[in-house]
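Participant: The structure under discussion is supplied below as C-alpha cells; questions concerning it will follow.
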C-alpha cells in the first residue's frame, strides 16, 4: 500500500515542478500563446488534484498505527497545491515589464484600443478564474459526500456484523435449550416407566 502512495508522490512532485515552471511563463505571454499556456496549466492542476485524491485514498487504507506519517505528508502536499493555485490565479492577470511595455508602448502611452483590449482580456481571465473556483468547490463538495457515504456504508456493515453475531449466539442458545429439553424428556420418560413397573409389581403381590 505504501509503495502505491510513494509512486503517486513521485508523479505529484514531477507534475508540480512542471506546473511551477509554466506558471512563471504565463505573465510573459500575450494573446493566443497565453491562452494556450493557461489551458495547459489548468489541465495539469486538474491532474494534480486527481493525484492528491488517489494519495488520500491510499492513506485511508494504511493501518492506523502507520497512518500518521502519511497524513502529515498529505497536509504538506495540500498546502503546496493551494499555493500553486494561488500563484496561477495571480499569473493569469499579471504581465511582465516587457509585455506591459509592448502593450502600452515604450513611453508608457498607449492607444485607447490597446487599453480596452487589455481590460477585456483581464476581465475574461478573471471570469475563467471564477468558473474554475466554482468547479473546484463542486468537486470538493462531491468528494465530501462520497466520503460521508462511504462512512455510512462502513457503519451499516459493522451493525450488520454485530446483528449476525447476535443471531448466531441466539441460535446456539436455542440448540442448547433443545438439547436440555430432550435430556429432561428422556429422564422423565425413564422415571415414568419405573413408576409404572413398580405399580405393576405391587398389583401382582396383592
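The values are calculated or read from the model by the stated rules, or taken from the named source; none is laboratory data. As the structure is a computational prediction, the values presented were derived from the model and not from experiment. Note that we place each Cβ from the backbone using ideal geometry, even for glycine, and neighbour counts take in every protein chain shown.
Participant: Condition check: in a helix (DSSP H, G or I), under 15 Å from the mean Cα position of the chain (by Cα) and either at pLDDT below 70 or surrounded by fewer than 11 Cβ atoms within 10 Å (Cβ to Cβ) (or both). Does residue 144 satisfy that?
Facilitator: In short, yes.
Participant: List every residue pair whose Cβ atoms sit under 6 Å apart, with the two residues 6 or more apart in sequence or on different chains, where the first one lies in segment 26-37 and is surrounded by 17 or more Cβ atoms within 10 Å (Cβ to Cβ) and the second, anywhere, is not in a helix (DSSP H, G or I).
Facilitator: Sorted first by the residue in segment 26-37, then by its partner, the pairs are 27/94; 27/95; 27/96; 37/29.
Participant: Given (1) over 30 Å from residue 30 (Cβ atoms); (2) at pLDDT below 75; (3) surrounded by 10 or more Cβ atoms within 10 Å (Cβ to Cβ), identify the lone condition not met by residue 203.
Facilitator: Among (1) over 30 Å from residue 30 (Cβ atoms); (2) at pLDDT below 75; (3) surrounded by 10 or more Cβ atoms within 10 Å (Cβ to Cβ), the lone unmet condition for residue 203 is (3).
Participant: Considering only segment 20-118, give the helices (runs of 4 or more DSSP H) lying wholly within it that have at least 1 residues that are at pLDDT 90 or above.
Facilitator: 31-61, 64-92
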